[in-house]
Structures are given as structure tokens and as C-alpha cells.
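Participant: Mind having a look at this structure? Questions to follow.
The values are calculated or read from the model by the stated rules, or taken from the named source; none is laboratory data. Everything numeric here is computed off the predicted structure, so don't read it as measured data. Cβ coordinates were reconstructed from backbone atoms using ideal geometry, including for glycine residues, and neighbour counts include every protein chain displayed. The area values use the complete protein model at the heavy-atom level, side chains included, leaving out ligands, DNA and RNA. Shrake-Rupley method; radii C 1.70, N 1.55, O 1.52, S 1.80 Å.
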Amino acid sequence: MRLRNKPEAPEKIAGYPQFIPENPEELKGNWSSRFDNNHPIHIEVGTGKGRFIYEMAKLHPEINYIGIELQVSVIVTALDKLIEAELPNLQLLHVNGGELTQYFEANEIDRVYLNFSDPWPKNKHEKRRLTYKTFLAGYEEILVPNGEIHFKTDNQGLFEYSLASFSQYGMILKQVWLDLHNSSFEGNVMTEYEEKFSNKGNRIYRVEAQFRA
Ligand code: SAM
């Protein structure tokens with residue numbers, strides 16, 4: 001993602017602790033209290049500017065959502081959406097998706113979404129891919145038994161790599177879409193990247209993969 005320098009972003013984020021918690025490690029095991037209900041919690045790792053997670057939260061008030069993003073200059077745009085129109089079932093988290101066990105207890109999360117994750121095409125950067133085995137181990141730890149990852153991308157290389165990574169990890173590939181936008185899939189919520197790349201004519205891939213209990 002092309003980053004614009006936004007020197008005001010950290011200060012802005014600090015001004016909205018009700019949407020982006022300041023000490024998220026203190027919420028480990030306590031997210032239901034934060035949302036004030038026991039609804040399932042779905043997270044998106046690498047949420048970017050937040051369109052997907054915001055639209056999902058609007059469509060599904062019976063689910064709690066957390067958008068996780070590493071880059072301060074990007075998450076601040078997701079924050080703007082919440083400032084404009086607050087959603088009680090959406091929180092943002094400015095942390096590294098590789099360190100999720102610091103912020104979530106075992107079984108605290110019901111689903112992980114990964115959308116248009118950075119492909120890191122060079123072999124030497126494999127460990128940075130959000131579908132690399134160390135990330136999968138983190139997701140598995142915080143997910144309920146049989147928890148699922150729902151992953152979309154237009155990048156064929158990353159998609160094929162991820163199918164292999166899920167499979168080698170012992171996950172079940174429940175369903176695979178090789179051309180999501182020309183399929184019978186209903187209720188697709190577009191991300192910023194999805195709109196950009198599908199407008200260029202790129203095919204969108206999707207997989208639902210499940211951990212074994
Ligand atoms: N999901 C959005 C979409 O589809 O429009 C954004 C896609 S963008 C290519 C990938 C995003 O993942 C970037 O904003 C990047 O900062 C974020 N990201 C990459 N590695 C991350 C990590 N380890 N933890 C949290 N976010 C990460």
C-alpha cells in the first residue's frame with residue numbers, strides 16, 4: 001500500500017480510545033465486556049482503510065468486528081469512518097497481526113478475515129506473508145476449535161501459496177472460488193483493493209479454510 005505521510009495520525013488515534021484502545025493487551029480475554037455482549041467476534045488482519053470491516057459491521061449487528069492494521073497512516077482512515085458514524089460492534093486495533101496472542105485469549109475469536117494481504121513475492125520474505133505458518137499458529141491459538149480463515153486476493157501466486165500453506169498446516173479447504181465475481185457467491189462485501197483490482201480486470205480468488213479441532 002502506498003503510504004502518505006500523516007504526521008497528525010498518532011495524535012488523532014490517541015484522541016479516540018473508545019474506537020482504538022490505547023492498551024489493547026489489557027483487553028486480552030475481556031473483549032466481550034468491551035463490546036458489552038457475548039456475540040461472536042470476527043477479526044480482519046490487515047484491514048487497511050477499513051471499508052470491508054465497516055460494511056460488515058453495518059450488515060451484521062449480531063457479530064462483533066475488530067479491524068487490525070499495522071500502519072498508523074492507514075488505520076487513521078478507518079478511524080475516520082467510525083468518527084463519522086459510530087458502530088457499537090466495531091473496534092480497531094493498531095497492532096501487528098503476527099502478535100495476536102498478546103491481545104486475545106485462546107478461543108476468544110470466531111473467524112479471521114484476510115483480504116488482499118501483501119503478497120511479499122520474494123522467497124526471502126515468505127515469513128512476512130499473513131498466511132505463513134507462524135501467522136497460522138497465532139490465528140489457531142486465538143480461534144475457537146474449528147475456527148475459519150476467509151481469505152480473498154487477486155494475486156494468483158499468493159493464493160496458490162496460501163492454499164498450500166493452509167493444507168500443509170493440516171487445515172481443511174472447505175470451499176475455493178477461482179473467480180469470485182463470476183460465481184454464485186452471495187453477499188460479497190468489497191474491499192478497497194478488491195474494487196481497484198477488479199476494475200482493472202483482475203480475477204478475484206477466495207478460500208474458506210478451517211482449522212481441525
Ligand atoms: N484489506 C485491505 C483491502 O483489501 O483493501 C488492505 C489491503 S493492503 C494490500 C494490506 C494491508 O495489510 C496494509 O494496510 C498493511 O499495512 C497491512 N498489514 C501488512 N502486514 C500486517 C501485519 N503483520 N499486521 C497488521 N497489518 C498488516
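Participant: Do any GluC sites (Glu not before Pro) in region 57-99 lie in a DSSP loop with no more than 11 other beta carbon atoms within 10 Å, and if so, which?
Facilitator: Sites meeting the loop and neighbour criteria: 62, 86.
Participant: Among 212, 206, what's the order by accessible area (1.4 angstrom probe), most exposed first?
Facilitator: Greatest to least solvent exposure: 212, 206.
Participant: Over the Cα atoms of the chain, compute the convex hull volume and normalise it per residue, giving Å³.
Facilitator: 122
Participant: If you stretched the chain out fully between residue 33 and residue 180, how much longer would it get, using 0.36 nm times the residue separation minus the C-alpha to C-alpha distance?
Facilitator: 49.3 nm
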